[in-house]
Every structure is written in C-alpha cells, then in structure tokens.
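For reference, the structure discussed in these notes is given below.
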C-alpha cells in the first residue's frame, strides 16, 4: 500500500527548496523524471475522482484536472468544485507519488465566481480596464476558496459576427479595447505574484482566428491570411502575453486548412518563438482528439504527434498524449526535446502558482459568498455596462412618469440575468428588476412577467409609462449557441408594437449576449437601454439608471448592424477599389435594396446630458517614426446633469503597404464632467500606435500622412492630420547629428 502520510525531506527532493530559482528547481526535478512521468505532466483529466483515480495520480500519470460539466460547460450546471476531492487527490499526488508533483486544478471562472459581474461583452462596454481588474481580483479570491488555481479566461477573440454565440465572452471587436481589458482581467486574476493564495492563473483564448468561424458557426473553419491575423486577430493575444498571462488556449478551428492544435507556425514559431511566450499552451476540450475529425490525422496517435510538434503542451481530456507520446518518443517519431519543453512549461506554471509550497485547498471557515464590498464592485460594473442608445426625454424617470409597468421575462428571473458561462453563481443571490423597482417605487410600479401578452397589454393601457424587459435568455448565447437571425426572440417585437400603439412613454431594456437587430425597437420605443446580462446586481443597476441615481456611461463594444442580412458590419471595414459616396443615396453602398451603414456604430452611447466636442489640436503637425505628438480636444458638458464621457481617438492610414481600416480605435479617455464644465483631454500619440504588419509580415511604421480623429463614437469624428517623418530627416532639419 502507498504511504500517503510521509513526505520525503527537501534533501531527497531538492526541487522543494523554495529558496532556489524556479528554473533551477525545474532542472532538478526533470533530471529525476522518467519519460512516463514526463508524459504524465502533459495529461489533463476532467473531474478527477480521488478514489477511482488514486493509482493514476500516484504513478504520476495525471498532471491536472478541470472541473466542468462537459465540453460545453457554460450551458449547463454541475455540482460545483468539491474541495474535499481536491485535497484527497492532492494527497495522492504530493505524498503518494515518487516525485511529489502537485496537481493543477482549473475551472471556467469567466466573469465572476459567486459574485457574478456582467458578461465580458458587458465589461467591455465600460471601456474601463480598472473595472476589469477589480472583477478579476474578486473572482480569483472567491474561486481560490473552492480550490481553483487556474481559470480559462479572458477570451480575446476578435469578431464582427454577432450570430456567433461566443461574442458574449469577448471583449469587443477592436484589438486595442480587447487587449487593454484583457490585461486588466489578467492583472486581477494573477496579481503581482500568482503564488498569492488569492490569485489564479489566467488563460488567453482561443489562439487564433476563432472569431472568424465561417457563418458564425461554432468550431467551423477559418479562411484568413496571416497579414489579417497579425493586424487584427493576434494583437490582443500579444497584449495578453505582454501583460504576463500564464497560459494560452489553442482554438478549435483550423486556419486556412491547418487545425490550430496542429499549427506549428502560429503556435510554436510565432507565439512561443517570436513573442517569447514561456507559459503553457493548453488544448481546448478534446482539441487534440478532434484533429482526427478535422481530417488531418488518421488516429489519435498521429494527432498527438502533430500537436506536440505544434507546441501544445497540455492535452485537455483527449488522452492522446498519455496513450501515445511515450511510444512516439521511443520510436524516434517525436523528439524528446519537444516533450521536455512542454513538461518544463507545465512545471513552471505549477511553481509560479506556489503549488509545491501550498498544494491543498481547504480553508476551514472561509466563505466566498457575495459580500457588500464585492457587490459594490459588481454594481459599478453593471452600471457601466448599461448603454443608453436612445432617449427622447423619457429617462430618467421622475414623478411625472406616474404609474410604471415593468414587464417581460426578466422581471424576476435572477438566473437568466447572470449570463452565459456562470458555473457557480446562484440565481437566488441576484437582485432582480422587480425587487429593486418595488423597493424604489412602491405602489407606483405594476409588474407583469409577460407570460400572457393580453394581460400585459391591459396593464400597459392602465399605466402611464411602460418599461419592457426584452432580449435573450442566457442560454441563447455562449458556446455552441449560434443563431441564424439576430432579431429578438419570437413574440417580443409584436409586444413592443402593441404597447407602442398606446402612444404612452415606452422604455425598452435589452438583455443580450450579442448585438441584436434593434431597428424597429429603436423606431418604436422612446428610450432604449442595452444592458447585456448584468450579473448579481442587475436590478439595482437598472433601477439606478432608470431613476437617474446613476448616469449611463456604457458604450457599444461591438457594432450593431441594420439587420442579420448586413453582417458583417464593423470598424474592420477597409477601403475598396470603388469609393463609397454617402452624399449620393444610390451609391451609398453595394446593395440595391438597402443601405449599408451600421444601425448603431462602435463606441456609441448616450448620457442624460449633452457633450460638445471641439476640433482636435496637435502640438506638432509632424513626428518621427520613433517619436510622438500631443493631441488635445476640448469636451464640454452643455447639459444640466453630470456625465462620464468616453472620449475616443481613432486613426486612418491613407497610404500603406496593405489596405488598412477606414477608422481604427487607438486610444480613449474616461472623462467626468459636471454640468457646464469644459475639460481639455490630452492624448500622447506615439508613432508606433500606427504600426502594422506589412507585406513581408514584419511590423513597420510608415512615413507620410496619418489622419487622427476624435469624437464620441466611430461615426461622429473630427479629423486632423499629422505627418510622420524619418528620424534622419528630423535631425537634418534641426541640425542635430544623425544616430
């Protein structure tokens, strides 16, 4: 029988000496490992059972376990993480195995653990990396209580495809927004020291191009050139690597015929080599096994060889590495150095997380239930996710609003308001819209859950103002939840039409995990709020915004198209060989039967006041390729209420080696303005912000004209031009020596 009570002293296991540098500890440990034990460090199982798996754990054949209900865990609940199981399994690994290597436990903690914040797309609407960091920090602290050490987020896939359900998990359609918010989440999860007991390892996913899945169909193929990948889809991953993310997950899709789990160029050469990423590349669920389904491997043995050569370090649940990697090395088909590299990375992650010093999870008496302080953060995040996209003076509601009808399927369904990928949040802990508005308005509010539209209409007729809660149930977005039509679910638009026909003030509140076709809602309602799925403080945030106790300041992190038929519509649009003339109706676009502009542009959002933008001014109309200039713009609150304005800076590169976007977000500033207040907003514009991958795929900054544009969103911008010159030309003009 294996003795699980005695741990050999440090002198027998010198890698346990925490005073040694991590790389030296890895060297000492790997020198003692057999090939079989090395292969074991590349194998991850699901929902480890300390009794059934005891032998496998003690023999070193399991490295890691994730806790999930299945391949699409975001769509179904499980029994949660059992700390007792974790510690029992960990005892087998630490005390019962030859080398005492601890296990690594992961779980999808996407936008909160018990204190659930808005979905990532709602977090993106805040345009606030500090909010993202606070959410990550709370989620890490709560999940750590349950023994979780690793989470599979942030998702930084760039997409202009709202039919794809996973846009709910994204951080918006632009690389700079996604990259900065991802960096904020990573700081929150990992902190300055990932070995802190209250921190988790983060994981940037899905590498790469997943947001381009054909037709918005999950897992589908991707056709894209490397130039577009580098100039758009790889950029937020590079931001995550620069932010110190400890792991990256490979994507399910293929890129131009090569499955990402077998893509040696992008994974091993670009991510690991060119970028210097020294963390773990983990497969997605059965991603290595699915190489067989994708038709480039005859069986799991061949798939294992392709994946380890590509640079996938840890096999999630397929078993391909455990079954075949040892024999592939012994036969000479796979170089041992590739296995050693993968094992070194897995061990490095475990050392960085402090698992060798602190393998056990149990914290007697610890609680991770939401607290007033964690709820306060969730409330700020939910308020910041509210995007006001129309207001004909109805909001904020005041005493003149009279009797208010609150109606719709979300009035008292806390679980539906949590959003996709919530494994541990509890619907009963959600403040619902009904609870919040009854507390604020008392007898002035009437509530109808919308089950019987005829009853809703009778109540709307008797009310002075109607607030309709519309949108998607949380199960309609997320993984494997693509749709062919981004319109509202059946029946909702008919109700909007019927209530609007009374001619009384109508407020539409849209809960969603994706951009929707809101064209008719915007035409019929007097005010429209897009609030995504807001989390545990959903009702409080809504009441605060509706009643004016908080100012709406969210902005759209994705473009809303005119209809499903207009997809794709985004800021990714690049110039074509034929100019688009907006001043001539029939030449506005390339459809005979419709216009092409967005219904709601990227970055759009209103306040309960009005803000005036002055023209942008440059400190210098020239800058060198390694220099900078300062742009200032004056923004003035011309209304009677305070606001937080998201002042946005875009640029356009009129002449480049490759076609560039018509406008591209490069920076923004969150500016608080009191009524009547004017503030000068300053942007330090570096020439390197205009850099892009040229025809040879290397990064370059061109000399010539760059147009900088400022405004409240991507459609309302004022331009100013700056000329980029070479450093040599600058020094020659100023008489300074070259060099």
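Which FRET efficiency value, to the nearest 0.05, is calculated for residue 520 and residue 363 with the Förster distance at 60 angstrom and r the Cβ-Cβ distance? Can you show the working numbers first?
Working: r = 52 Å, r/R0 = 0.87.
Step by step, r from the Cβ atoms, then E = 0.70.
Along the Cα-to-C-beta direction of residue 617, a point sits 7 Å from the Cα; which residues of the stretch 692-720 have their amide N less than 16 Å from that point?
Answer for the stretch 692-720: 710, 719-720.
In nm², what is the average projected area of the convex hull enclosing the Cα atoms of the stretch 495-573?
Values: hull surface 25.7 nm².
One quarter of the hull surface, i.e. the mean projection, equals 6.4 nm².
Within the stretch 198-218, what residues put their amide N at less than 20 Å from the label point 7 Å along the Cα-to-Cβ vector of residue 475?
Counting backbone N atoms under 20 Å from the label point, the list is 218.
Roughly how many Å is it from the Cα centre of the stretch 212-256 to that of the stretch 122-184, as a whole number?
Spelled out, the Cα-based centre of one part sits 16 Å from the other.
Using a basic spin-label model with each label point 7 Å from the Cα along Cα→Cβ, how many nm lie between residue 426 and residue 51?
With each label placed 7 Å out from Cα toward Cβ, I get 2.6 nm.
Sticking with the crude label model, points 7 Å out along Cα→Cβ, report the distance from residue 293 to residue 400 in nm, one decimal please.
The answer from the label model is 5.8 nm.
Kindly state, to the nearest 0.05, the FRET efficiency for residue 193 paired with residue 224, given R0 = 45 Å and r defined as their beta-carbon distance. Write out the running numbers ahead of the final one.
Working: r = 38 Å, r/R0 = 0.84.
The computed FRET efficiency comes out at 0.75.
At a Förster radius of 25 Å, what calculated FRET efficiency corresponds to the Cβ-Cβ distance of residue 728 and residue 630, to the nearest 0.05?
Details: r = 23 Å, r/R0 = 0.92.
Computed FRET efficiency for residue 728 and residue 630: 0.65.
Which whole-number percent gives the relative contact order of the chain, counting Cα pairs below 8 Å spaced six or more residues apart?
Numbers: 1800 pairs, mean separation 95.2, N = 739.
Relative contact order of the chain: 13 percent.
For n ≥ 4 DSSP H runs only, could you compute -39500 (n - 2.57) per run for the chain, divide by its residues and tell me the 222 nm figure to the nearest 500? Kindly include the intermediate steps, with their values, before the conclusion.
On the way: 19 runs with 189 residues, N = 739.
The per-residue figure over the chain is -7500 deg cm²/dmol.
Treating the angle as unsigned and between 0 and 90°, give the value, to the nearest 10°, between the Cα long axis of helix 175-190 and the longest Cα principal axis of the chain.
Once rounded, the angle reads 50 degrees.
Given the Cα-Cα distance of residue 373 and residue 590 and 0.36 nm per residue of separation, how much length would full extension add, in nm? Walk me through the numbers on the way to the answer.
Values: separation 217, 0.36 × 217 = 78.12 nm, distance 5.20 nm.
Contour length minus Cα-Cα distance gives 72.9 nm.
With angles folded into 0 to 90 degrees, how steeply does helix 83-94 sit against the dominant principal axis of the chain? Use alpha carbons for both and round to 10.
Roughly 30 degrees between the two axes.
Using the alpha-carbon centroid of each, what span in Å lies between the stretch 342-380 and the stretch 51-77?
Here the answer is 18 Å between Cα centres.
Quickly work out the residue 696-to-residue 301 label distance, labels modelled 7 Å from Cα along the C-beta direction, and quote it in nm with one decimal.
Each label point is offset 7 Å from its Cα along the Cβ direction, giving 4.4 nm.
Multiply the residue separation of residue 659 and residue 684 by 0.36 nm, subtract the distance between their alpha-carbon atoms, and state the gained length in nm to one decimal. Mind dumping the intermediate values first?
Values: separation 25, 0.36 × 25 = 9.00 nm, distance 2.53 nm.
Here the segment from residue 659 to residue 684 would lengthen by 6.5 nm.
Give the average over all directions of the projected area of the C-alpha convex hull of the stretch 559-683, one decimal, in nm². Intermediate results must be reported in sequence, preceding the final value.
On the way: hull surface 40.3 nm².
Answer in nm², one decimal: 10.1.
How long is the gain from residue 278 to residue 69 if the chain were fully straight, where each residue apart is worth 0.36 nm and the alpha carbon distance is subtracted? All intermediate terms of the calculation are to be shown ahead of the outcome.
Numbers: separation 209, 0.36 × 209 = 75.24 nm, distance 2.99 nm.
Length gained, residue 278 through residue 69: 72.2 nm.
In square nanometres, what is one fourth of the surface area of the convex hull spanned by the alpha carbons of the stretch 609-734?
Orientation-averaged projected area of the Cα hull: 8.0 nm².
Mind pulling the angle between the C-alpha long axis of helix 22-32 and the longest principal axis of the chain? Nearest 10 degrees, somewhere in 0 to 90.
The answer is roughly 40 degrees.
In µm²/s, what is D for the chain at 37 °C and 0.692 mPa s, where D = kT/(6 pi eta Rh) by Stokes-Einstein and Rh is the Kirkwood radius from Cα pairs?
Approximately 121 µm²/s, per Stokes-Einstein.
Read-outs: derived from the displayed coordinates by stated rules, not from any lab. Bear in mind that the values here come from a model prediction, so they are computed numbers and not experimental data. Every residue, glycine as well, gets a Cβ built from its backbone with ideal geometry; the counts of neighbours run over all protein chains shown.
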